[in-house]
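Chemist: So that we are looking at the same thing, I have put the structure below in structure tokens.
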């Protein structure tokens, strides 16, 4: 790793490894509550309605934070921004251990959401600063794979932490009272984020300011910047909010993610329930869902690698993303077959294909933001675009609930708000089961691709 001069070869990929670690911790911390939900609900006397409100508070904070966290990263820089976001959410996760009821738990999870959203625009800025266009999608794929890894690891990490006998190790912990185990799970997983800050602060600088970058790597990064004309007439002037909102690419990419991200949210939050209700798998066999996260990781890497290969062959970055996304869109119509085939193995094989295509699409649509927006305003635009993702996820949750449970029963305040807006839609879809949603998923990506193509996604920004 280190040369005699203290230089680090391929430093940009070590930075990508740190971003991957942050993504793993991000998803472990957010999944700690869901993994321990039955125990926490019992200790705090929470019913499902209260639990839904707590989860929705996180989603609201996450959406709001998306809109401002990128602006913060643009103002204070990638290095400081990542320190702020990781420290904030890690402390918020640790404070969750002090929850005594629904209100305090909701407040802590709201605070967690305010911090967790920031890692993604900050990570995109890091990629824009350290990677040439031909490697950006692969770098984004690497740290996105960290998110899927974190979601996979969370139950295997937090459940043992929550069931350990801490009082035997430290008698003073008996004073924590009921729930000492799950409370320590929040403390220890949050502490891991604070530990991550040390290598990040030591290692991350802009390439031109780093003492550890080799001359060859710095030359590679600077030549790529010159080739892509990343320095425009006013390189230091960040876009105003008016410029961000007038930029056509902001709205095209926001709508693209709002339309297509619900597919990945479905596989995270609803597919195990589908296997149980639609395929009659018992609880112990639902461990098969690990294959979803494995497929997501492969899709993340493959999507980045494919567009990188096209760029090396002379295709412009934005065009290379669109070509890969077209291939992904052509695979998504396989989705309806997942609910129609009789064999579980065939259904899972089809699921693997669609999940891989969905994540390869996600990596490339995320990379397009980096391709099209100047570095000084990248975090802001990325945040606005990514906010479409969480809105799409909220809409998907409520619509799928109507499909599989008949007449909508609004559990939390956010559900009731969405029901008020989309009441006529619920009337059309309620009670038709999962098969209807698999049909919908088959056409979301083709529709979004046509919208992006016909909308004129360009190689560089225009005002």
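Chemist: Mind ranking 108-121, 90-103, 62-75 by how tightly packed they are, going by the mean number of other C-beta atoms within 10 angstrom, highest first?
Modeler: Packing order, densest peptide first, comes out as 108-121, 62-75, 90-103.
Chemist: Using the alpha carbon gyration tensor of the range 288-386, what are the three equivalent-ellipsoid semi-axes (square root of 5 times each eigenvalue), largest first, in whole Å?
Modeler: 29, 15, 11
Chemist: Given the range 1-154 reduced to its alpha-carbon atoms as identical point scatterers, what log10 I(q)/I(0) does the Debye formula return at q = 0.11, 0.12, 0.19, 0.20 Å⁻¹?
Modeler: For the requested q values the scattering log ratios are -0.48, -0.56, -1.13, -1.21.
Chemist: Let me ask something else. Just rank 385, 142, fewest to most, by other beta-carbon atoms within 10 angstrom.
Modeler: 142, 385
Chemist: For residue 245, put the label point 7 Å out on the Cα→Cβ axis and report which residues of the range 356-385 keep their amide N under 19 Å from it.
Modeler: Label zone hits: 377-385.
Chemist: Over the alpha-carbon set of the range 353-396, work out the extent along each principal axis and list the three values in angstrom, largest first.
Modeler: The principal-axis extents, from largest down, are 36, 23, 9 Å.
Chemist: OK, next. Report the full-extension gain for the segment residue 67 to residue 337: residue separation times 0.36 nm, less the Cα-Cα distance, to one decimal in nm.
Modeler: So the chain would gain 93.5 nm between residue 67 and residue 337.
Only the coordinates and a few stated rules stand behind these numbers; no lab work does. Not measured: the values here are computed from a predicted model. Here the Cβ is made from the backbone with ideal geometry for all residues, glycine too, and neighbour counts use every protein chain on show.
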